[in-house]
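The values are calculated or read from the model by the stated rules, or taken from the named source; none is laboratory data. All of these numbers come straight from a predicted model, not from anything done at the bench. Every residue, glycine among them, receives a Cβ derived from its backbone with ideal geometry; neighbour counts consider all protein chains shown.
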Amino acid sequence: MKTVKIQKTGGPEMLELQNITLRKPINDEVLIEHTAIGLNYIDTYHRSGLYPLTLPSELGMEASGIIKEVGPDVSNFSVGDKVAYAALPLGAYSTHRIFKTNNLVKVPDDIDLTLAATLMTKGLTTFYLLHKTYPVTSGETILFHAAAGGVGQIFCQWAKSLGCKVIGTVGNDEKASLAKKNGCDEVINYSKEDFSKKVMELTDGKGLPVVYDGVGKSTFEKSVKCLKTRGLMISFGNASGSLNPIDVTKTLQPKGLFFVRPSLGQYLTSREELNEASKVLFEKISSGKVKVEIFKKYKLEDVRQAHLDLEARKITGPAIIVP
């Protein structure tokens, strides 16, 4: 059995593949043999120290696999079950792991485990953004940044299935084509034009009810300009760096804007919430309303290269690590 650990924070060179021996599962724990591991931008935040960890630490929040052993108090899962998760504690970057069942979901038979590994974080994030943080309604126009990325490809298809008009931003023309393919009605290449001005043109100067921004520092100010009076700014990522401190009086007060910084853990606080979210997610996939293609697969021993590619924006879709 192997796992990836960091002894200290820093670049991808901090990632170390180590041999481990796991104990038997106890209480409500199970032993999972991983089929695939989700690769997410948040993994780079943990590795770099942007999101502080107690060191040394394992990495990875998302994976799928098969249950090989169950603890004595486990009643709702069995050996052989197909399962997936996206939750703390970190440790998904491994061939096997011991995991509590409270954050575990069963994967339907018609959904491939390799696909499930990249669905959980991105798909459950999309669920809470569209159904909880700001429950969209059919006919609304919304803006999503990095529309060709892993979350973006799922989000834009999902939003279209709910009847939204989706404006997406991308960094180059190749990504623009991908965003269009995945449901965007309008795509703005922010390397060529001011997306805030374009949004106001597309909305006849009215602005938007909501902006979904996983990019962060480089898009925040212009995102605010895109919002209409009492609009909602949803900042859920830092791909371009952490946000600068917000001057509430200058930034939010003039249009009476709302600002929220949500995270997955805040919306999956109970078994009921997790079941609701995963049920809707798997239904979207099974129905074909959201289609996902794995962009790239990495071996566990190539995890450093995976992080290099992730931070260099070379990954233009869901990617996984195969143990």
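The rows are residues; the columns are (1) assigned to a loop (DSSP other than H, G, I, E, B); (2) assigned by TED's automatic domain parsing to the domain that holds L310; (3) in contact with a His (Cβ under 9 Å, 6 or more places away or on another chain).
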{"residue": "K175", "(1), (2), (3)": "no, no, no"}
{"residue": "I188", "(1), (2), (3)": "no, no, no"}
{"residue": "S196", "(1), (2), (3)": "no, no, no"}
{"residue": "G205", "(1), (2), (3)": "yes, no, no"}
{"residue": "Y212", "(1), (2), (3)": "no, no, yes"}
{"residue": "K217", "(1), (2), (3)": "yes, no, no"}
{"residue": "G231", "(1), (2), (3)": "no, no, no"}
Inset, instruction - Search the range 160-173 for residues being in a loop (DSSP other than H, G, I, E, B) and either charged (D, E, K, R) or in contact (Cβ under 8 Å) with a residue 24 or more places away in the chain (or both), and hand back the single one that is farthest from S287 (Cα to Cα). - result: G171
Legend entry - Selected residue [in contact with a helix residue (DSSP H, G or I) (Cβ under 9 Å, 6 or more places away or on another chain) and surrounded by fewer than 16 Cβ atoms within 10 Å (Cβ to Cβ)] from K222, K250, K206, K217: K206
Legend entry - Scan of the range 135-159 for residues that are part of a loop (DSSP other than H, G, I, E, B), surrounded by fewer than 24 Cβ atoms within 10 Å (Cβ to Cβ) and not hydrophobic (A, V, I, L, M, F, W, C), ordered by number: P135, T137, S138, G139, E140
Inset, instruction - State which residue is surrounded by the most Cβ atoms within 10 Å (Cβ to Cβ) when the search covers only the range 253-293 and only residues that are closer than 15 Å to V107 by Cβ and in contact with a Ser or Thr (Cβ under 9 Å, 6 or more places away or on another chain). - result: L281
